[in-house]
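First up is the structure itself, then whatever we jot down about it.
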Amino acid sequence: SLQRATALKPDWAQAWFFLGQAQAMAGQYPAAGPSLERAIELNPNDTNAYTNLVDVYELDLKGHQQAAAAPIFAYLQKRATAGDATAQSMLGNMYHDGRGVPQNDATAMVWYAKSAAQGHAYAQYSLGNGYMLGIGGLPQDQAKATQLFVAAAQKGLADAQEAAAVSYERGRGTPRNRAQAIYWL
């Protein structure tokens, strides 16, 4: 049904997304990658499509089909290098978690920083964690971490709202402020 939907309406991003998901669930990773890539082309702001593309890449690696998975990583890297904030954040996740690439927190923080500079909420939150804990060679800087948490929290990211609340409650990089802590909670 999904293949028919994409044939009848080739510019329907959601149909391509669901086709890619179905192909991945069936273990058809080499087919799932291009379907998800098409969904991203049609709707570049769909974070779920990027996440699923990374998952397909990782699952394909686990199945020892690296030749089929490599183009997916190359696709994300190409978009990230061209300045796509979502792709940059996804590469940060891949490097931080060691998903489909060797684990490398320093490289993860570089990608998060590029994405965060463009206002990507999840990257701001992830970079904030990097500064809070000194991950990937970043200096521990509680004030910078709190600024990044608040920036992401203002965009509605629940994890960042919680992190901002904790920063205000504990006075981490900012004066202790119970009202702000309650607000972000």
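With viscosity set to 1.002 mPa s at 20 °C, what whole-number translational diffusion coefficient in µm²/s follows for the chain from Stokes-Einstein and a Kirkwood radius over Cα pairs?
For these conditions, the coefficient is 123 µm²/s.
Would you compute, from DSSP H runs of 4+ residues alone, the mean residue ellipticity of the chain at 222 nm, taking -39500 (n - 2.57) per run and dividing by the full residue count, rounded to the nearest 500?
Calculated from helices alone, the mean residue ellipticity at 222 nm is -23000 deg cm²/dmol.
Tell me, what is the FRET efficiency for residue 162 and residue 78 to the nearest 0.05, using R0 = 25 angstrom and their Cβ-Cβ distance as r?
Efficiency, rounded to the nearest 0.05: 0.15.
Tell me the angle of helix 105-117 to the major Cα principal axis of the chain, expressed in degrees between 0 and 90 and rounded to the nearest ten.
80 degrees
Measure off, as a whole percent, the carbon and sulfur share of the 1.4 Å-probe accessible area of the chain, all protein chains present.
Looking at the chain in its full context, I get 52 percent from C and S.
With a ≥ b ≥ c taken as the square roots of the eigenvalues of the C-alpha gyration tensor of the stretch 140-185, please select rounded if a/c is under 1.5 and otherwise prolate if a/b is larger than b/c or oblate if it is not?
Because a/c hits 1.5 or more and a/b fails to exceed b/c, the stretch 140-185 counts as oblate.
Need the full-extension length gain, residue 48 to residue 26, defined as separation in residues times 0.36 nm minus the C-alpha distance. One decimal, nm.
My answer for the length gained is 6.1 nm.
Please give the peptides 113-125, 2-14, 167-179, 139-151 ranked by average Cβ packing (other Cβ atoms within 10 Å per residue), highest first, as a rough proxy for protection.
113-125, 139-151, 167-179, 2-14
Treat each spin label as a single point 7 Å out from the Cα along the C-beta direction, and report the residue 3 to residue 154 distance in nm.
The modelled label-to-label distance comes out at 4.9 nm.
Within the chain, how many Lys pairs sit with Cα atoms under 28 Å apart, leaving out pairs fewer than 8 places apart on the same chain?
Lysine pairs meeting the criterion: 7.
Placing one identical point scatterer on every Cα of the stretch 110-156 and ignoring solvent, what is log10 I(q)/I(0) from the Debye formula at q = 0.32 Å⁻¹?
-1.15
Sort out for me the Cα centre separation of the stretch 106-149 from the stretch 1-52, rounded to whole Å.
31 Å
For the stretch 77-185, what is Rg from Cα atoms divided by 2.2 N^0.38 Å, rounded to two decimals?
1.06
The values are calculated or read from the model by the stated rules, or taken from the named source; none is laboratory data. Everything numeric in this text was worked out from a predicted model, so none of it was measured. With ideal geometry, Cβ positions are generated from the backbone for all residues, glycine too; neighbour counts draw on all protein chains shown. Side chains included, ligands, DNA and RNA excluded: accessible areas come from the protein's heavy atoms. Shrake-Rupley method; radii C 1.70, N 1.55, O 1.52, S 1.80 Å.
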